[in-house]
Amino acid sequence: MKKLLILLTVLAFASCKKANKEKTTTTNNVQTTKMKKEDIYQFKMKDLYGKDFDFASLKGKKVMVVNTASKCGFTPQYKDLEKLYETYKDKGFVIVGFPANNFGQQEPGTDGEIAEFCKQNYGVSFPMMTKTSVKGADMNPVYKFLTQKSKNGFEDSDVAWNFQKYLLDENGHVVKMYRSKVLPTDKAIVSWIETK
């Protein structure tokens, strides 16, 4: 009887140890799966002029992705965005704009109207994508990537307003997000661009 009790204890202990090991393995597999970072290079879409834009063309560059609007209190940030782009475009940095009408209907225009507004008022020369949605059920796939930790491996976020900025490293991974009030020329952003 004593031997049977010892045998049952050993078996129970071995079973618990195996279960814990399997749980740990499963947990590690889940973490590995969850933490697998996607990159922005998987996406292709149309720009404001109806031309194909392949995000793979950005490989090796630091990228700022920003949602824009023509009739917003933050619209003058176009000037700073263009200045930043002109300063650093030949040093491995690019800005990609996403016009969106998600906030207060502040981007009501067509792609053509938006392109004309940006060119005439701010001389925008950085890539601008076709008008899209940056939140809600019809959210653009690029923004699903930017805002979901399960895809970007960085953090979950929501797009709170126009001119929110996402910074991506030379490998296409999200590394920082700045809300609308932070200017494109903020010292922290400039320092990040300049850091090798």
* Verdict on S57 being in contact (Cβ under 8 Å) with a residue 40 or more places away in the chain, small (G, A, S) and either in contact with a strand residue (DSSP E or B) (Cβ under 8 Å, 6 or more places away or on another chain) or assigned by TED's automatic domain parsing to the domain that holds V175 (or both) -> no
* To do: Hey, could you check region 171-189 for residues that are surrounded by fewer than 16 Cβ atoms within 10 Å (Cβ to Cβ) and over 9 Å from the mean Cα position of the chain (by Cα) and say which is nearest to V63 (Cα to Cα)?
  => N171
* Structure fact -> Listed by first then second residue, the pairs whose first member lies in region 113-139 and is under 20 Å from K44 (Cβ atoms), whose partner is small (G, A, S) and not in a strand (DSSP E or B), with beta carbons under 6 Å and at least 6 positions apart or on separate chains, are M139/S133
* To do: Tell me, yes or no, whether region 60-71 has at least one residue that is more than 22 Å from the chain's Cα centre (by Cα) and touching a residue at least 60 places away in the same chain (Cβ under 8 Å).
  => no
* Taking helices (runs of 4 or more DSSP H) that fall entirely within region 133-196, which contain at least 2 residues that are modelled with pLDDT of 95 or more and closer than 17 Å to F98 by Cβ? -> 141-147, 149-152
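The values are calculated or read from the model by the stated rules, or taken from the named source; none is laboratory data. These numbers were taken from a predicted model, which means no experiment stands behind them. All Cβ positions, even for glycine, are placed from backbone atoms using ideal geometry, and neighbour counts span all protein chains on display.
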